[in-house]
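*Asks:* The structure under discussion is supplied below as structure tokens; questions concerning it will follow.
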Amino acid sequence: MKRMAVLCATLLFAASAMLAGERLDLKAVAGGDFAGEALTRVEPMADGETYAQISKDGKQVVKYSFKTGKQVGVIFDANVVRGANIGSIDGYVMSPDGRRMLIQTHTKRIYRRSFTAEYYIYTLGNSSVVPLSDGGPQQTPIFSPDGNQIAFVRDNNIFLVKLLYDNAESQVTKDGKRNEVINGIPDWVNEEEFATNSSMVFTADSKQICWIRYDESAVKEYSMQMFKGSNPSMDEYADYPGFYSYKYPMAGGENSKVAVYSYDIKSRQTRKMQLPLDADGYIPRIKMTSDPTKVAIFTLNRHQDNLSIYMANPLSTVCQLVIQDKVDKYFKEEAMANIKITDRHILMPSDRDGHMHLYLYTLGGQLKRRVTRGNYEVTDVYGYDEATGDVYYAANELGPQDKQVYVAHQNGKTERLTAREGYNSATFSAGYKYFINTWSDINTPVVYTLNNNSGKVLSTLVDNKGLKEKLAAYDLGTRELFSFTTSEGVKLNGWMVKPAGFDASRRYPVIMYQYGGPGNQQVLNSWNIGMCGQGALLEQYMAQQGYIVVCVDGRGTGGRGAEFEKCTYLRLGELEAKDQVETALWLGSQPYVDKNRIGIWGWSYGGWNTLMSMSEGRPVFRAGVAVAPPTSWRYYDTVYSERYMRTPKENPSGYDEVNPMARVDKLSGALLICHGLADDNVHFQNTAEYTEALVQADKDFKENIYTNRNHSIYGGNTRNHLFRQIVNFFNAEMK
């Protein structure tokens, strides 16, 4: 009997081992090993029937059919070109006439969107490759509409290459100087907060170049100390550290003085546009139109609640106001990014009625029709078909966590083009005959399909079946969406990851991950939720450590209309922190949650929200981690801070009373702060000043500093190390 019992126990253990899934490896999660297959850098071609992509080995630009998804040609092949030796391709720019390409190589990043690269001109007819310029790396090259000229920026100046004149290069501007004057590309704050890296266009007749000039000489300079470090190593700082200094305007400070200029290529004459602009106003965009006498210029007042679109004549310099849109509190940056200018129309999103909707204007500014209406948000704008009057866009009409692709016809009828609930987005062909649909939901990895403009699926390009099979071998928990109502009567949405083998009779510790910044959404019916996406894989790793992981979008987040999003105006962090505390209290009331073991963490605004929530006054958090957190909006940039807070002079109580340092005495729970020393976005200054406030308040904390790392804190083993510190900290404090 004893031998039989031992044998049965042995067999039972073996069977359990066979049934138990694999455990996730944190380094694999941090390294993106479960990212799955993706269609990236898809470039629709001008013929409306094909699209291009860079091959996986980085050697070719391959052309595919929009109808079948099959390869129909190779546009560029580094192995067979004549002329320069191209190692691998980082990117490319097609000329409007399709006769040439710019091949991007040796890319070096500067900030979030800016970079320098070495570009080569590739002529499709004879497969020849020649350098765009021998004078050094270039930025943001653009073709003229006729395809015969290329303008680019180097060292803050604009240069012009004439392809029909043996690639003759000339210099358009000569006043560019680092940390003083920039031509044709934005300064740091305009790049970061208006989501652009180019401020230069040709006119439609290819005869003139127009650009925004930024005079940042009066903007105060910020310096970051740099060390040798590694991955990459900066050998120039092997003995003594150095400094990286750049212009960074903090809230209430001086911004760059901006103006628009034109350059007549034939006469070489430079003119300044007579643009009506406040002395402290912004020019977030400049765009070409189909009319050579009109260049569209967007202006924004410093409070960012009054957006104007002017049509500037590059020759006469006269600027005519065609659209002026005033909204409550502030314009969302993505609304400006989504404005589309077509041959004869301007398609403009605005939340002037309380929800983000689309309005169609003529180039002269006449409102032709309101395209969408209802209690939902237009999230993406794909364009307007001049031939049919159809407008293509994405919206969350089915609910804040959902996104579908739609077409609005000229007769007022609207059709949904995507069939499955979840998170959809589209890449349309030129002419809108086809689109690539990207779809996922919270439990399904991303699927890419080819569709026609009626929504019919023509073929499946990527189904990520291999990823699903790979993940099936792991011991993963469940992902689910939920909602609850706070004690203040506010309904909040969230997602939850429960451990595999979840037992409702047990009480689990909880880690809350959040971001919470204005307009941001973390709670979506999408595969790419969580800190690292990949099906909330970092959160799944934490669930394997025994935690339930929860994310809730509080007040101020997007997808639910202007009133919900803008209620945090002038008091950033106050309501957001309340809602995270309310989430913890609600979770603590659930029978499967240990209310005494609830932690919170976040990155950037999520780090701010972590600190605010831990010092809200109700001690509900056992531990928290703040990564790269702002700690005072006085230390952050003008455009972002003032969009939501106005200036410190106008709103002193908002800046001085609502921040983690003002609440430092109320901090409750164990705290870990992590920050990169070379964070050009949220400066280390924020953590330095906050930790000093903690010291003087006699509050214990732990701190991890990352040498030479920017706001994303990556490079070499850095991201793996960071995540391990976060997990180990929670394990030490909450188990």
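*Asks:* May I ask you to list the chymotrypsin sites (Phe, Trp or Tyr not before Pro) in the range 521-612 that are in a DSSP loop and have at most 16 other Cβ atoms within 10 Å of their Cβ?
*Replies:* Here the sparse-neighbourhood loop sites are TYR592.
*Asks:* Right, next: What trypsin sites (Lys or Arg not before Pro) in the range 598-706 are in a loop by DSSP, with at most 14 other Cβ atoms within 10 Å of the Cβ?
*Replies:* Listed in order of number, the matching sites are LYS649.
*Asks:* Please give the peptides 243-254, 499-510 ranked by average Cβ packing (other Cβ atoms within 10 Å per residue), highest first, as a rough proxy for protection.
*Replies:* 243-254, 499-510
*Asks:* Also: Can you tell me how much longer the chain between SER55 and ARG82 gets when fully stretched, taken as 0.36 nm per residue apart minus their C-alpha distance, in nm with one decimal?
*Replies:* Value of the extension gain: 7.8 nm.
*Asks:* Where does helix 574-588 land angle-wise versus the long Cα axis of the chain, in degrees 0 to 90, nearest 10?
*Replies:* So the helix axis and the longest Cα principal axis differ by about 30 degrees.
*Asks:* Let me ask you something else. Size of the dipole of the chain about the Cα centre, Lys and Arg at +1 and Asp and Glu at -1 on the beta carbon, nothing else charged, in debye to 20?
*Replies:* The calculation lands at about 1160 debye.
*Asks:* Something else about it: Per-residue HN-Hα couplings for the range 186-198, Karplus 6.51 cos²θ - 1.76 cosθ + 1.60 at θ = phi - 60°, whole Hz, x for Gly and Pro?
*Replies:* Karplus values, whole Hz, x for Gly and Pro: x, 6, 4, 6, 5, 4, 5, 9, 10, 6, 8, 10, 9.
*Asks:* Could you pull out every residue, at least 5 positions away or on a different chain, whose amide H is within less than 5 Å of the one on ARG369? Hs are placed 1.01 Å off N in the peptide plane, and Pro or chain starts have none.
*Replies:* LEU360
*Asks:* If amide hydrogens are placed 1.01 Å from N in the peptide plane, which non-local residues have theirs closer than 5 Å to the one on TYR706?
*Replies:* Residues meeting the amide H criterion: HIS675, GLY676, LEU677.
*Asks:* Taking K and R as +1 and D and E as -1, what net charge do the other residues with C-beta under 14 Å from the C-beta of TYR569 add up to?
*Replies:* That works out to -2.
*Asks:* Quick one: helix 2-19 against the long Cα principal axis of the chain, what's the angle to the nearest 10°, folded into 0 to 90?
*Replies:* 20 degrees
*Asks:* Quick one: net charge around ARG370, please, counting Lys, Arg +1 and Asp, Glu -1 for every other residue with C-beta under 11 Å from its C-beta.
*Replies:* Spelling it out: positives minus negatives among the neighbours equals +3.
*Asks:* With +1 on each Lys and Arg Cβ and -1 on each Asp and Glu Cβ, how big is the dipole of the range 474-734 about its Cα centre, in debye rounded to the nearest 20?
*Replies:* Its charge dipole is roughly 440 debye.
*Asks:* Please enumerate, by chain and number, the aspartates and glutamates with C-alpha under 20 Å from the C-alpha of LYS272, excluding those fewer than 8 residues away in the same chain.
*Replies:* Straight-distance partners of LYS272: ASP175, GLU180, ASP187, ASP205, ASP215, GLU216, ASP264, ASP280, ASP291.
*Asks:* Could you check how many percent of all C-alpha pairs in the chain are farther apart than 40 Å?
*Replies:* 37 percent
*Asks:* Also: I'd like to compare 308-321, 121-134: which one has the highest average count of other Cβ atoms within 10 Å, and what's the full order after that?
*Replies:* The peptides rank, most packed first, as 308-321, 121-134.
*Asks:* What are the ³J(HN,Hα) couplings of the range 460-467, residue after residue, when phi is run through the Karplus curve with 6.51, -1.76, 1.60 and θ = phi - 60°? Round to Hz, x for glycine and proline.
*Replies:* Result, rounded to whole Hz: 9, 8, 9, 10, 6, 4, x, 5.
*Asks:* Right, here's the next one. Rg and Dmax of the range 474-734 over Cα atoms: what are they, in angstrom?
*Replies:* When restricted to Cα atoms, the range 474-734 yields Rg and Dmax of 17.3, 55 Å.
*Asks:* Oh, and also: Loop-only GluC sites (Glu not before Pro) in the range 585-659, please: DSSP not H, G, I, E or B, and at most 14 other Cβ atoms within 10 Å.
*Replies:* GLU650
*Asks:* Within a Cβ distance under 12 Å of GLY31, other residues only, what is the Lys/Arg minus Asp/Glu net charge?
*Replies:* 0
*Asks:* Just from its helices, what would the mean residue ellipticity at 222 nm be for the chain, if runs of 4 or more DSSP H residues each count -39500 (n - 2.57) and the sum is divided by every residue, rounded to the nearest 500 deg cm²/dmol?
*Replies:* One gets -5000 deg cm²/dmol as the mean residue ellipticity at 222 nm.
FYI, it's all coordinate maths here, none of it is from the lab. Please read all numbers here as calculations on a predicted model, not as lab measurements. Because the Cβ atoms are built from the backbone with ideal geometry, glycine has one as well, and the counts that use them run over all protein chains shown.
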